[in-house]
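The structure under discussion appears below in the form of structure tokens.
The values are calculated or read from the model by the stated rules, or taken from the named source; none is laboratory data. What you are looking at is a predicted structure, and each value in this text was computed from that prediction instead of being measured. Every residue, glycine as well, gets a Cβ built from its backbone with ideal geometry; the counts of neighbours run over all protein chains shown.
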Amino acid sequence: MDIADTREQDKVCIEAFLGGDISSFDRLVLRYKDKVFNLCFRLLGDYEEANDCGQEIFVKVYRSLNNFKFNSSFSTWLYTITVNHCKNRLRSLQYRFWKKVLPFDPVKKDDNPENYYEIEDPSPSPFTQMADREKEAILQQAINALPQGARAIVILRDMEGLPYEEIARITGYNPGTVKSKLARARQLLREQLKGS
């Protein structure tokens, strides 16, 4: 299916939804759920967080679809919401705090940091993973080390395959800035992955 067909199908689904056909929203979700999850996972680096964010994003889209003006493609609008939602999640101090610690007494709920302890990551060593999973982990780690804006651009261009113009609309940068940030991010990735 080409881009024009997808855009037309999206438009038909959106207009049907706005006309009262709630089931047409399900078709949009089925078409984009994997792409939204993958983008969330790449930006957040955590399966559970990506899953939660994906659900929250589709709830947000459901509630605000009547604000979609067809000035861009639905996928551009959806990716913009996704990137912004993930950025907000990463900025959240509570997210960063809960990501690193677990309560010593899970029954007791308080905000005293002395009652929390950092724990080691229980995930298996990369040496015990299959070769593909090891490469994926190394790549994800390098992506996570990129500055936030550069990370989004690399994911949108190199992993999602979006054109520069669409990335510019999603991120709010002009196309020249997108290209220069992408070049710099790729250089940083090469440096980080050298010898891996």
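Within segment 51-64, work out how many residues are of a type outside the set (Phe, Trp, Tyr) and either in contact with a Cys (Cβ under 6 Å, 6 or more places away or on another chain) or crowded, with 17+ Cβ neighbours inside 10 Å (or both).
The initial filter retains those residues of segment 51-64 that are of a type outside the set (Phe, Trp, Tyr), namely 51-57, 59-61, 63-64.
So of that shortlist, the ones also either in contact with a Cys (Cβ under 6 Å, 6 or more places away or on another chain) or crowded, with 17+ Cβ neighbours inside 10 Å (or both) come out as 53-54, 57, 61.
Qualifying residue count for the region: 4.
Among the criteria (1) surrounded by fewer than 16 Cβ atoms within 10 Å (Cβ to Cβ); (2) in contact (Cβ under 8 Å) with a residue 12 or more places away in the chain, the one Leu182 does not fulfil is (1). Only residues that are within 20 Å of the chain's Cα centre (by Cα) and either surrounded by fewer than 14 Cβ atoms within 10 Å (Cβ to Cβ) or aliphatic (A, V, I, L, M) (or both) were counted in segment 169-179, giving 3. Looking only at segment 18-48, residues that are in contact (Cβ under 8 Å) with a residue 24 or more places away in the chain and farther than 19 Å from Thr80 by Cβ come to 3 in all. Check whether at least one residue in segment 39-50 is at positive phi and surrounded by 15 or more Cβ atoms within 10 Å (Cβ to Cβ), and report yes or no. Yes.
Yes or no, residue by residue, for (1) assigned by TED's automatic domain parsing to the domain that holds Glu136; (2) modelled with pLDDT of 95 or more; (3) under 12 Å from the mean Cα position of the chain (by Cα):
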{"position": "Gly45", "(1), (2), (3)": "no, no, yes"}
{"position": "Asn51", "(1), (2), (3)": "no, no, yes"}
{"position": "Phe58", "(1), (2), (3)": "no, yes, no"}
{"position": "Asn66", "(1), (2), (3)": "no, no, no"}
{"position": "Lys69", "(1), (2), (3)": "no, no, no"}
{"position": "Ser72", "(1), (2), (3)": "no, no, no"}
{"position": "Ser75", "(1), (2), (3)": "no, no, no"}
{"position": "Thr80", "(1), (2), (3)": "no, no, yes"}
{"position": "His85", "(1), (2), (3)": "no, no, yes"}
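With a requirement of 1 or more residues that are modelled with pLDDT under 75 and not β-branched (Val, Ile, Thr), the helices (runs of 4 or more DSSP H) lying completely within segment 121-173 that satisfy it span 131-144.
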